[in-house]
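Peer 1: Input: one structure, supplied below.
The values are calculated or read from the model by the stated rules, or taken from the named source; none is laboratory data. The structure presented is a predicted model; accordingly, all values stated were derived computationally and were not measured. All Cβ positions, even for glycine, are placed from backbone atoms using ideal geometry, and neighbour counts span all protein chains on display. The accessibility values were calculated without ligands, DNA or RNA, using every heavy atom of the protein model including side chains. Shrake-Rupley method; radii C 1.70, N 1.55, O 1.52, S 1.80 Å.
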Amino acid sequence: MSDSAPRRRSRASAGLPPITADKIIDAAVELTGERGLDGWSIRQIATRLAVWPGVVAHHVGDREAVVMGVTDRVISRIPVPGEDRPWRDWFRSMMVNGRDVLRDYPGVARRLCVVGPNVPSAMPTIDTGIRVLLNAGFGAQAPVVYRYLFNTAFTLVAVEDDRRSFPTARADMGRAMAAFAEDDSRPGLAVAGSTARTRGTEPEAIVAQETEFFLFTVERSLDGAEAMLPPR
C-alpha cells in the first residue's frame, strides 16, 4: 500500500473492525520497529490502518501524543525483577533486558535519555528501582543513582541505534586500528591495534563486541554506584 491517503469508505461496510487508540499505537509500534521512532508520520500510520489522518488525531492526538504512546508500550515490555533481588542484580537485569527490548525499537532509547520516561508504564519501575536502592542504603542519593545507571545504559543503546546508519563504521575502525599493531613509536596505539587484530570484522563479530562492551559498561557503572554506598 502506498503512503497516499486512502479513499473514504465506511469501515463497517468494508467488514473492518472499529479503530481504537490501542490499534493506532499498535501500528505506530510496528512502524517504529521497522523504521525507527523518527521514521514514520501520522499519514503513514493512517495508511497502514486504512483511515484518514484525522482519525489518528481524534483517537490519540498529534504525533507527540503517538510517540508517548509508543514509548509507554515499549517500556511496558521490559521485564521488571522482584524487589527482593539484590540491588546490583536488579539493575543488571533491568539494563540488560531493557537493551534487548529497546534495540527492537530504534529511537526509543534516545527518547528516554533526552526527554525522560514520563509515561505511565515507567512509574512502577521507577518506584521499585528507587526502593531497591533505598533498601541497599543509598538514602537520599537513590534517585540520582537510578538516573545515572539507566542513563548510562540507555545512552549506549541510543548510540548503537544511531550506528545502524553507518553499517561498516565499526569494521572500518577495527581495520584502521589494527594497522598500528606494530608501531613501536606509539605504544598506546600499538596495544589498541593488537587488540583489534584479535577481533573479527564480520557482522557477527561486531554484534558480539557491542554486547561485550555493553555488559562491561553495565558492570563498571554498578561499581561506580557501589562506591557511593556509606561504609557499614
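Peer 1: What pairs come out if I take residues in region 163-189 that are more than 17 Å from Ala205 (Cβ to Cβ) and free of Cβ contacts under 8 Å to residues at least 40 places away in the same chain and pair them with residues that are charged (D, E, K, R) and open to solvent by less than 90 Å² (accessible area, probe 1.4 Å) whose C-beta lies under 7 Å away, six or more apart or interchain?
Peer 2: Leu189/Asp183
Peer 1: Take Gly82 and decide whether it is free of Cβ contacts under 8 Å to residues at least 12 places away in the same chain and either open to solvent by less than 20 Å² (accessible area, probe 1.4 Å) or assigned to a loop (DSSP other than H, G, I, E, B) (or both).
Peer 2: It is true that Gly82 is free of Cβ contacts under 8 Å to residues at least 12 places away in the same chain and either open to solvent by less than 20 Å² (accessible area, probe 1.4 Å) or assigned to a loop (DSSP other than H, G, I, E, B) (or both).
Peer 1: Go through region 17-72 and give me each residue that's of a type in the set (D, E, K, R), open to solvent by 60 Å² or more (accessible area, probe 1.4 Å) and assigned to a helix (DSSP H, G or I).
Peer 2: Asp22, Lys23, Asp26, Glu30, Glu34, Arg35, Arg43, Arg48, Arg63, Glu64
Peer 1: For region 188-232, how many residues are closer than 23 Å to Phe91 by Cα, outside any helix (DSSP H, G or I) and either open to solvent by less than 60 Å² (accessible area, probe 1.4 Å) or not charged (D, E, K, R) (or both)?
Peer 2: Here the count works out to 5.
Peer 1: Tell me which residues, restricted to region 157-182, are touching a helix residue (DSSP H, G or I) at 6+ places or on another chain (Cβ under 9 Å), of a type in the set (Asp, Glu) and either assigned to a helix (DSSP H, G or I) or open to solvent by less than 30 Å² (accessible area, probe 1.4 Å) (or both).
Peer 2: Matches in region 157-182: Glu160, Asp161, Asp162.
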